[in-house]
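Student: Encoded as structure tokens, here's the structure I'll be asking about.
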Amino acid sequence: METNNLISLESDKTNRKKLKLSTNDDELQVFNLDLFEKTSVNFGVQVSLPDPAYEMFLKRIEELENFNKQLLSENEVLKKKLNNQFANQQDRINSVIEITKKERSSLYKDIVNLIKNHKRFHLGSLLEYSPSKWLAERNPVVIKFIETLTNNENEHQHEGEKLFKRAVAIDAIYGSRHLKYVSAINLAASAIKY
């Protein structure tokens, strides 16, 4: 069965519009509309007109979703790269070199400050010498590196000796970095030997 709908719009003298809707069963519906007020009429049919702002928002949402997918993909690549960062010895060597380059000037400043400190050779300073105190005042990156390399979890009975040897190792690094460096630790080590 086919339906014939007729819609007509009429105006009267007061600028009010009359919307007339008739269907095939000759039922006439009249709606009064005011031109200056928004009125919605439910005809039982939904019509969608493209709204430029709506289309713009849809496009922007699609762009953001694509950008999000791209970032997630890049994030996965970076996670894999991070997980494989130290996969082989050459990668570890390269990482150590990069860290060393960044710490080089800091280490040099620490050595220069030690050289300028003449109090370290006074008898009182030498008598109060402590490897743990000396290490606490040195470059923390170098200290952690040596501590990590020499750490043996099963061997705690020789902690004092190990601490002294770490201080000697770091002192040797300092001596190799600056030719004018004279070590209080070497004096302490010599005193222990004799």
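Throughout, read-outs are computed from the coordinates displayed, never taken from laboratory work. Bear in mind that the values here come from a model prediction, so they are computed numbers and not experimental data. A quick note on method: Cβ atoms are made from the backbone with ideal geometry, for glycine too, and the neighbour counts reach across all protein chains shown.
Student: Say each of H122 and K101 gets a label point 7 Å from the Cα, pointing the same way as Cα to Cβ; how far apart are those two points in nm?
Tutor: 4.2
Student: Residue by residue, what Karplus-based ³J(HN,Hα) values in Hz, rounded to whole numbers, does segment 107-119 have, using 6.51, -1.76 and 1.60 with θ = phi - 60° and x for Gly and Pro?
Tutor: 5, 4, 4, 4, 5, 4, 5, 5, 4, 6, 7, 7, 5
Student: Still on this structure: Per residue of segment 72-79, in order, report the coupling 6.51 cos²θ - 1.76 cosθ + 1.60 (Karplus, θ = phi - 60°) as ³J(HN,Hα) in whole Hz, putting x for Gly and Pro.
Tutor: 4, 5, 4, 4, 4, 4, 5, 4
Student: What's the local net charge at Y174, with K and R +1, D and E -1, over the other residues with C-beta under 10 Å away? Write out the running numbers ahead of the final one.
Tutor: Working: positive: R138, R177; negative: D110, D171.
Residues close to Y174 contribute a combined charge of 0.
Student: Work out how much length K59 to K80 would gain on full extension: take 0.36 nm times their residue separation and subtract the Cα-Cα distance, in nm to one decimal. Write down the numbers at each step before the final one.
Tutor: Working: separation 21, 0.36 × 21 = 7.56 nm, distance 3.20 nm.
Length gained between K59 and K80: 4.4 nm.
Student: With θ taken as phi - 60° and the coefficients 6.51, -1.76 and 1.60, list the Karplus ³J(HN,Hα) couplings across segment 130-142 in order, rounded to whole Hz; mark glycine and proline as x.
Tutor: Working through the residues one at a time gives 9, x, 5, 5, 4, 5, 5, 9, 9, 4, x, 5, 5 Hz.
Student: Still on this structure: With a sphere of radius 12 Å drawn around the Cβ of L114, what net charge do the other residues whose Cβ falls strictly inside it have (Lys, Arg +1; Asp, Glu -1)?
Tutor: Once all neighbours under 12 Å are counted, the net charge is +4.
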